[in-house]
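Participant: Can you keep this structure in mind? I'll have questions shortly.
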Amino acid sequence: MDLKNNLEAAIVAARKAGEFLIENKNQTKKVLVEHGRDIKIELDRECENLIRDELKSTQIEIYGEEFGGVISSDVISWVVDPIDGTANYFRGIDQCCISIALMEGMKSKIGVIYNFNTDEIFHASSGNGAFLNEKEIRVSDISDVSKASLFTGFPASESIESQSLFLKNLAVWKKIRMFGSAALSCAYVASGKGDYYAEKGIYLWDFAAGICLVEEAGGKAEFSLIDDDRYSVKFSNGKL
Ligand code: LIP
């Protein structure tokens, strides 16, 4: 697998998508679906189409949040979230990004997460380290929960019992942050801005790029399927 050229292709695609989202930042946005706590806007689809066009030359399958595609244990695929943190983008909050991963089965070989609002591009490829813009990043070395920051999201469809347990588990951390972007939460663990990211009920495209980033930055990425396509994830600095 050509990691170098594919990483370059993912960075170019993420930057082009970022320009497009910045251009449209202050425009009225058309909502396509509002279902439970999820929101989908027309720009999600337009942005995924733009990324698909950019990645076409790599001749690799594409699996994206908006248009689906192929993902399986014996296929190499791009996994694309055109806007992670759509609700934030919609309301003008800058915690949102583009996330592009290259997956070989469930192994994340390349991860690119681009916060176009702050022009921060997090990127990693297997065996070559993780970077924020051009500076190498590492996970934190905090090993005491009472000194550590947890990033998480409120569980969307859980029973009252498990929501109470979720709240109880928060009490042990020094700080809790809910950004509304799984991908950025992973990138922040990889760059040592926080120490642990855990969330239940998210999709592969939300965290696929984060796996490579966190692992290459020296951390640990654990995830398991909890239903057809939703995952429970735990990404950490490996010391907690
Ligand atoms: C969002 C995630 C967020 C999670 C939301 C949603 P989207 O992704 O990144 O962390 O809590 O449920 O899945 O829909 O903006 O791509």
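Participant: Applying the selection to the range 160-185, what residues are more than 18 Å from A87 (Cβ to Cβ), touching a strand residue (DSSP E or B) at 6+ places or on another chain (Cβ under 6 Å) and of a type outside the set (K, R)?
Facilitator: L170, W173, I176
Participant: Being small (G, A, S) and modelled with pLDDT of 95 or more is the filter; apply it to the range 70-103 and report the residue that is farthest from the ligand (Cβ to nearest atom).
Facilitator: S77
Participant: For G127, indicate whether it is of a type outside the set (S, T, Y), at pLDDT below 95, surrounded by fewer than 18 Cβ atoms within 10 Å (Cβ to Cβ) and away from the ligand (no atom under 16 Å from the Cβ).
Facilitator: no
Participant: Mind telling me which of the residues A198, A148, A156 ends up being modelled with pLDDT under 95, in contact with a strand residue (DSSP E or B) (Cβ under 8 Å, 6 or more places away or on another chain) and over 23 Å from A13 (Cβ atoms)? Reasoning before the result, please.
Facilitator: On the way: A198 fails: modelled with pLDDT under 95; A148 fails: modelled with pLDDT under 95.
Result of the check over A198, A148, A156: A156.
Participant: Restricting to the range 83-123, give me the number of residues that are buried (at least 23 other Cβ atoms within 10 Å of the Cβ), within 20 Å of F223 (Cβ to Cβ) and among the aliphatic types (A, V, I, L, M).
Facilitator: Summing the residues that are buried (at least 23 other Cβ atoms within 10 Å of the Cβ), within 20 Å of F223 (Cβ to Cβ) and among the aliphatic types (A, V, I, L, M) in the range 83-123 gives 7.
Participant: Something else about it: I'd like the full set of residues that are within 13 Å of the ligand (Cβ to nearest atom) and either under 17 Å from K234 (Cβ atoms) or surrounded by fewer than 14 Cβ atoms within 10 Å (Cβ to Cβ) (or both), limited to the range 167-180.
Facilitator: Across the range 167-180, the qualifying residues are R177, M178, F179.
Participant: Same structure again: Which condition number does K29 fail, the rest of (1) farther than 26 Å from D229 by Cα; (2) more than 16 Å from the ligand (Cβ to nearest atom); (3) more than 20 Å from the chain's Cα centre (by Cα) being met?
Facilitator: So K29 meets the others, but not (2).
Participant: Condition first: more than 12 Å from I98 (Cβ to Cβ) and buried (at least 19 other Cβ atoms within 10 Å of the Cβ). Now tell me which residues in the range 41-54 satisfy that.
Facilitator: I41
Participant: A further question on this structure: Can you find even one residue in the range 138-150 that is within 24 Å of L3 (Cβ to Cβ) and surrounded by 14 or more Cβ atoms within 10 Å (Cβ to Cβ)?
Facilitator: yes
Participant: Looking at the structure I just gave you, is S72 small (G, A, S) and in contact with a strand residue (DSSP E or B) (Cβ under 6 Å, 6 or more places away or on another chain)?
Facilitator: For S72, the condition - small (G, A, S) and in contact with a strand residue (DSSP E or B) (Cβ under 6 Å, 6 or more places away or on another chain) - is not met.
Participant: Moving on to the next point. Consider only pairs whose beta carbons are under 8 Å apart and that are at least six residues apart or on different chains; among these, list those whose first residue lies in the range 153-169 and is β-branched (V, I, T) and whose second residue is more than 14 Å from the ligand (Cβ to nearest atom) and in a loop (DSSP other than H, G, I, E, B).
Facilitator: none
Participant: Given the range 86-195, what strands (runs of 3 or more DSSP E) lie entirely inside it while holding 1 or more residues that are among the acidic types (D, E)? Working first, answer last.
Facilitator: Working: elements: 97-104, 107-115, 120-125, 130-132, 149-152, 175-177.
Once the strands (runs of 3 or more DSSP E) in the range 86-195 are filtered for at least 1 residues that are among the acidic types (D, E), what remains is 97-104, 120-125.
Participant: What number of residues within the range 188-228 satisfy the criterion of being surrounded by 18 or more Cβ atoms within 10 Å (Cβ to Cβ), under 20 Å from E66 (Cα atoms) and either away from the ligand (no atom under 16 Å from the Cβ) or not hydrophobic (A, V, I, L, M, F, W, C) (or both)?
Facilitator: Number satisfying all stated conditions: 3.
The values are calculated or read from the model by the stated rules, or taken from the named source; none is laboratory data. Keep in mind that what you see is a predicted model, and the values were worked out from it rather than measured. Reconstructed Cβ throughout: ideal geometry from the backbone, glycine too, with neighbour counts over all protein chains shown.
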